[in-house]
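Below is one structure, written out as structure tokens, with a few remarks after it.
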Amino acid sequence: MSTSLFRATPVARSALRAASAVKPAATFVRGKATLPELQYDYGALEPYISSKIMELHHSKHHQTYVNGLNSALTTIAEAESKGDFTKATSVAPALNFHGGGHLNHTLFWENLAPASREGGGNPDGALGKAITTEFGSFESFVKQMNAALAGIQGSGWAWLAKDKAANGKLALITRANQDPVTGNFVPLLGIDAWEHAYYLQYENRKAEYFEAIWNVINWKTVAKRFEA
């Protein structure tokens, strides 16, 4: 995915650092966040994720986060031009939510691939070995990840992350709402536990969604992040 970063004003940069919402994985054009194109059709992940869910999730929900992020950045820039730093900093929660939503979903789409192509299966190479070392086996890792997803109260995400402060050791972490993965952790694989990611197809049977999504995980993308 092509990437370009916008030039933020000083106050915008401060708010961005405070919110930790925008990272190079997200896409921008002339200072505006943009909805990333998928590398597969909406129906390509069926039967595990329906075409309708993918269309709504990508074109509606993700677009809402893009719009909200651009609105927050505009508000910060306008407030800075007027010297209204209180107004600029008050936008940090919206910047975190919408910026985090844009970043999380951009990573999420890259984490997926049709089962007929690169989706599903088990990771191999250095990533596969690291998962076995940390979690005992790939099957144990999946169970722990699904348990973390099931334990999220309300909306949020579960992530496989690399801890830079622990020599790249793998960790399972959860984040509420659209809070992004920040600090020493590098996000490798994220699974969306918001209802909009599954409800039209799985209704209240979210455990089935957590089981099904492993059939369309793109481990090549996850491995590239791990080895970076």
Residue 164 vs (1) basic (Lys, Arg); (2) without any contact (Cβ under 8 Å) to a residue 40 or more places away in the chain; (3) surrounded by 17 or more Cβ atoms within 10 Å (Cβ to Cβ): all pass except (3)
Name the pairs whose Cβ atoms lie under 7 Å apart, with the first residue in region 171-190 and part of a strand (DSSP E or B), the second polar (S, T, N, Q) and open to solvent by less than 60 Å² (accessible area, probe 1.4 Å), and 6 or more positions between them or separate chains? 189/111; 190/104; 190/111
Check residue 154 against each of (1) surrounded by fewer than 19 Cβ atoms within 10 Å (Cβ to Cβ); (2) at pLDDT 95 or above and name the one condition it does not meet. (2)
Members of region 192-208 that are crowded, with 22+ Cβ neighbours inside 10 Å and in contact (Cβ under 8 Å) with a residue 60 or more places away in the chain: 192, 197, 198
I'm trying to understand the selection: among the residues of region 53-93, which are within 30 Å of residue 110 (Cβ to Cβ) and either small (Gly, Ala, Ser) or touching a strand residue (DSSP E or B) at 6+ places or on another chain (Cβ under 7 Å) (or both)? 59, 66, 68, 69, 70, 71, 72, 77, 92
When (1) surrounded by fewer than 19 Cβ atoms within 10 Å (Cβ to Cβ); (2) modelled with pLDDT under 95; (3) of a type in the set (S, T, N, Q) are applied to residue 27, the one that fails is (1)
Selection from region 133-150 of residues in contact with a strand residue (DSSP E or B) (Cβ under 7 Å, 6 or more places away or on another chain) and either closer than 17 Å to residue 222 by Cα or surrounded by fewer than 20 Cβ atoms within 10 Å (Cβ to Cβ) (or both) yields 134, 144, 145
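The values are calculated or read from the model by the stated rules, or taken from the named source; none is laboratory data. Predicted model only: the values in this text are computed from it and were never measured. Note: ideal-geometry Cβ built from the backbone for every residue, glycine included; neighbour counts use all protein chains shown. Surface accessibility is based on the protein's heavy atoms, side chains included, excluding ligands, DNA and RNA. Shrake-Rupley method; radii C 1.70, N 1.55, O 1.52, S 1.80 Å.
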